[in-house]
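Worksheet: one structure, shown below.
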Amino acid sequence: MPEPTLAIQNLRFTHADPGGGGFTLALDDLQLTPGEQVLVAGTSGSGKSTLLQLVAGLLDPDSGEIKVDGRAMHAMNGAERDRYRGRRIGMIFQTFNLLDGFSARENVLAALMFSDLPNREHRERADQLLQRLGIERPDATPDRLSVGQQQRVAVARALASRPGLVLADEPTASLDPANATNAVELIKETCRQEGAALLLTSHDPSIRDTFERVEELQA
Amino acid sequence: MTDLRIIFRSLRVRLFSTIVTVLTVAIAVGLLLTLLILRESGQSAFERGAGNAELLVSADNSPLVSVLNGIFYANPPRNPISMTKYESIRDSFPWKWTVPMQLGDSYQGQPVVATNSDFFTEFQPIAGQPWVFTEGRRFARPYELVVGAEAARTTGLVIGDRVPLTHGFSGSREGGHVHDTHLFEVVGILEPTGASHDRALFTDLTGSWVLHAEDRLEREGTSDASAAAHDDEEHDDHGHDHGHDHDHGHAHIHVEVEDLTDADRMITGILMAVPSRSGRSGASAVLPQAFDMLRRDTSITVASPANQIERLFAIVGNVDQLFVAMAIAVLLSSGIGILLALWNSMEQRRRQIAILRVLGCSQGRVFSLVITESVLIGIGGALTGVFACWLGSLLAASELRERLGLVIEPELDPATILVVIAGTLVLAAAAGLGPAIRAYRTPVARNLRPIS
């Protein structure tokens, strides 16, 4: 049996909100095999985004273990974890989080800076991904691209470093149902082509049926 | 994509703030360098003026005024020395050389030095470097003019021009009266020396004495003086040119060289050098002895140009240091400008930093990106400042030359420039520390959310 791309064991994380509220995330076991695509569903405030940030090593859990491609994320020191994230994990956000003032190509190249790929291959890799995702103006900055094109750039950037795992945080939240389905299909298809596992969070019931496996987070 | 590319993109996004910050640093660096360079160049320009003259005798009130007037042509000296006195001083000591000079006239604001031919053979504007003529020769007889390089440039005089001299310097109390009875012919143009002499014109003492004798006689309102006077109608055979624009309503008085009296044969200064001891370079051992001998004569003022220039710099030294301190303060404030610009930008860049972190950029690398950005602003400012300094020095040199007659050649001393640039970079790096720490500590998860 191949080693899982993502393995979560006994994860506990308490989010304390100074203004009241807050929540506790508890996940006893979650595993993704290489190339597997999983939807994490749940209502707002159930901790879906927090789960992805814990997996990416951007937050530290109270307890439990998260392994990505066999390496425990939180056993690494900060710089090591940053480097590992750059090589093994791609992230897509609801608001895309593209870099202002950088062209579409430069956004993808920025991700490649922190990858394992040799420098001489960066430009070719970026152009190849952007072309495959239908980016017509790779030299345009995000503010000159349509929302759909921006999302494609975000997908290209997440997959640029050939990660084993892509984390997509509510990528359809700001889209209408038709575009939401298309966007999810685009992400899924691109991950499939690149051989990356996908952990996608969404509270949108319309995309549930597009995933073979759905994990429910309870608030 | 490289770290530098990321930094340049970041600077471009905040273009206005970047340009203002770079200009702030540039102004500070330019100001500091200009002051340092002008201080060095100014001192060397002052030192150049005295050339190989070891002593200057005049009837000015103080040795410093004597040097300012006699070497730098600041003002026409008010108190003359008679030629009889000069001859007595000349014969009182085995001088290496003595050169009499008289200041009092000008041409288009440029001082005219009346002297003798020893001025060109004995006196050297820069010790060890004799006069060099770009064109022509030194004056050989009265009413001939040799023009300094800067004076030639500003007046446009060329060989063969015939011009009248004006009594007094431009802006002096005596200024304004044109000696239009005699025209002086330009016979030589000098090479630049970098000293105050470049803006002067030089002529023979005798011609100058004649001009002033005629002035004196006109003032006295006498035309008899079997002595000396002939009116216009009778006289036109001096062997030199006269201006003929005489509309004063009275006859002009012309004086011949042989008619000059002791009262006319006046000078305003004597440049002197003492003999060096055989086989020994530098200041002669007999200089103090000569100096003391002259000091005993209370009717004259004796100055050592080198000492007076040193004294002048001691006087202005505090002001000079104040200017440098102010320039350093401006430089420090520009460092605060960098800090504020970067600190404020951190607020807008929290999201960018968070994204870079997600992409795999470590906290340490984020820190170094901000420090490098700060240093780049410093480099931009320093290089712009060096250019501004070069331009500023040229302008300041031009102003000093026009207003004070101080000929300075601004030179950018590489060591000074390097020290200032290095200091600016250290300052910029220090200014970037706060913002870099702030960037280092930027929480990623919180800043990935949309910022309203």
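The values are calculated or read from the model by the stated rules, or taken from the named source; none is laboratory data. Fair warning: this is a prediction, and the values are worked out from it, not measured in the lab. Please note: Cβ atoms are built from the backbone with ideal geometry, for glycine as well, and neighbour counts cover all protein chains shown.
For region B:75-93, name all the residues that are aliphatic (A, V, I, L, M) and either more than 16 Å from B:Ala303 (Cα to Cα) or surrounded by fewer than 19 Cβ atoms within 10 Å (Cβ to Cβ) (or both). Reasoning before the result, please.
Filtering region B:75-93 down to residues aliphatic (A, V, I, L, M) leaves B:81, B:83, B:89.
Matches in region B:75-93: B:Met83 only.
For region B:334-367, the candidate set comprises residues that are surrounded by fewer than 19 Cβ atoms within 10 Å (Cβ to Cβ), within 13 Å of another protein chain (Cβ to nearest Cβ) and farther than 14 Å from B:Val444 by Cβ; within that set, the residue that is modelled with the highest pLDDT is B:Gly364. Scanning region B:60-91 for residues that are assigned to a loop (DSSP other than H, G, I, E, B), farther than 17 Å from B:Met293 by Cβ and of a type outside the set (Phe, Trp, Tyr) gives B:Asp60, B:Asn61, B:Ser62, B:Ile71, B:Ala74, B:Asn75, B:Pro76, B:Pro77, B:Arg78, B:Asn79, B:Pro80. Within this structure, A:Glu136 passes the test of being more than 12 Å from chain B (Cβ to nearest Cβ) and at pLDDT below 90.
Considering region B:393-440, and only residues there that are among the basic types (Lys, Arg) and surrounded by 13 or more Cβ atoms within 10 Å (Cβ to Cβ), the residue that is modelled with the lowest pLDDT turns out to be B:Arg401.
Can you tell me which residue in region A:151-164 is nearest to A:Glu194 (Cα to Cα), limited to those that are hydrophobic (A, V, I, L, M, F, W, C) and within 13 Å of chain B (Cβ to nearest Cβ)? Across region A:151-164, the extreme among qualifying residues is A:Leu159.
The single residue among A:Leu99, A:Leu167 that is within 23 Å of A:Leu39 (Cα to Cα), within 12 Å of another protein chain (Cβ to nearest Cβ) and not hydroxyl-bearing (Ser, Thr, Tyr) turns out to be A:Leu167. Contact map, region B:364-377: first residue farther than 14 Å from B:Arg438 by Cα, second residue polar (S, T, N, Q) and surrounded by 19 or more Cβ atoms within 10 Å (Cβ to Cβ), Cβ cut-off under 6 Å, separation 6 or more or different chains; pairs are B:Ile377/B:Thr21.
Can you find a residue in region B:338-358 that is on the phi < 0 side of the Ramachandran plot and touching a strand residue (DSSP E or B) at 6+ places or on another chain (Cβ under 8 Å)?
Yes: region B:338-358 contains one or more residues that are on the phi < 0 side of the Ramachandran plot and touching a strand residue (DSSP E or B) at 6+ places or on another chain (Cβ under 8 Å).
Only one entry of A:Pro163, A:Pro171 meets the criterion of being assigned to a loop (DSSP other than H, G, I, E, B) and either modelled with pLDDT of 90 or more or more than 14 Å from the chain's Cα centre (by Cα) (or both), and that entry is A:Pro163. Of all positions in region B:131-152, at least one carries a residue that is within 19 Å of the chain's Cα centre (by Cα), at pLDDT below 90, buried (at least 17 other Cβ atoms within 10 Å of the Cβ) and not in a loop (DSSP other than H, G, I, E, B).
The sole residue among A:Ala72, A:Ala56 that is among the small types (Gly, Ala, Ser) and out of contact with any helix residue (DSSP H, G or I) (no Cβ under 8 Å at 6 or more places or on another chain) is A:Ala72.
Among the residues of region B:39-67, those identified as within 14 Å of the chain's Cα centre (by Cα), buried (at least 22 other Cβ atoms within 10 Å of the Cβ) and not basic (Lys, Arg) are B:Ser41, B:Ala45, B:Phe46, B:Gly49, B:Ala50.
Those strands (runs of 3 or more DSSP E) of region A:1-96 in which 2 or more residues are away from every other protein chain (no Cβ under 14 Å) occupy A:6-15, A:23-32, A:37-41, A:63-68.
When restricted to residues that are within 11 Å of chain A (Cβ to nearest Cβ) and not hydrophobic (A, V, I, L, M, F, W, C), region B:1-38 contains 7.
Examine region A:18-26 for a residue that is polar (S, T, N, Q) and modelled with pLDDT of 90 or more, and state whether such a residue exists.
no
Of the listed requirements (1) within 14 Å of chain B (Cβ to nearest Cβ); (2) under 21 Å from the mean Cα position of the chain (by Cα), A:Gly148 misses just one: (1). Please indicate, with yes or no, whether at least one residue in region B:291-309 is aliphatic (A, V, I, L, M), free of Cβ contacts under 8 Å to residues at least 12 places away in the same chain and either part of a helix (DSSP H, G or I) or surrounded by 13 or more Cβ atoms within 10 Å (Cβ to Cβ) (or both). No, region B:291-309 contains no residue that is aliphatic (A, V, I, L, M), free of Cβ contacts under 8 Å to residues at least 12 places away in the same chain and either part of a helix (DSSP H, G or I) or surrounded by 13 or more Cβ atoms within 10 Å (Cβ to Cβ) (or both).
Taken over region A:102-111, residues that are more than 7 Å from chain B (Cβ to nearest Cβ) and either surrounded by fewer than 24 Cβ atoms within 10 Å (Cβ to Cβ) or touching a His at 6+ places or on another chain (Cβ under 8 Å) (or both) amount to 2. Being within 14 Å of chain A (Cβ to nearest Cβ), crowded, with 21+ Cβ neighbours inside 10 Å and closer than 30 Å to A:Arg83 by Cα, is that true of even one residue in region B:374-386? For region B:374-386, residues within 14 Å of chain A (Cβ to nearest Cβ), crowded, with 21+ Cβ neighbours inside 10 Å and closer than 30 Å to A:Arg83 by Cα: absent. Residues in region A:72-116 that are under 20 Å from B:Ser362 (Cβ atoms) and of a type in the set (Lys, Arg): A:Arg81, A:Arg83, A:Arg85, A:Arg87, A:Arg88. Here A:Asp116 passes the criteria (1) out of contact with any Cys (no Cβ under 7 Å at 6 or more places or on another chain); (2) within 13 Å of chain B (Cβ to nearest Cβ); (3) closer than 23 Å to A:Asp169 by Cα except the one numbered (3). The set of residues from region B:1-38 being crowded, with 18+ Cβ neighbours inside 10 Å and assigned to a loop (DSSP other than H, G, I, E, B) comprises B:Met1, B:Arg14.
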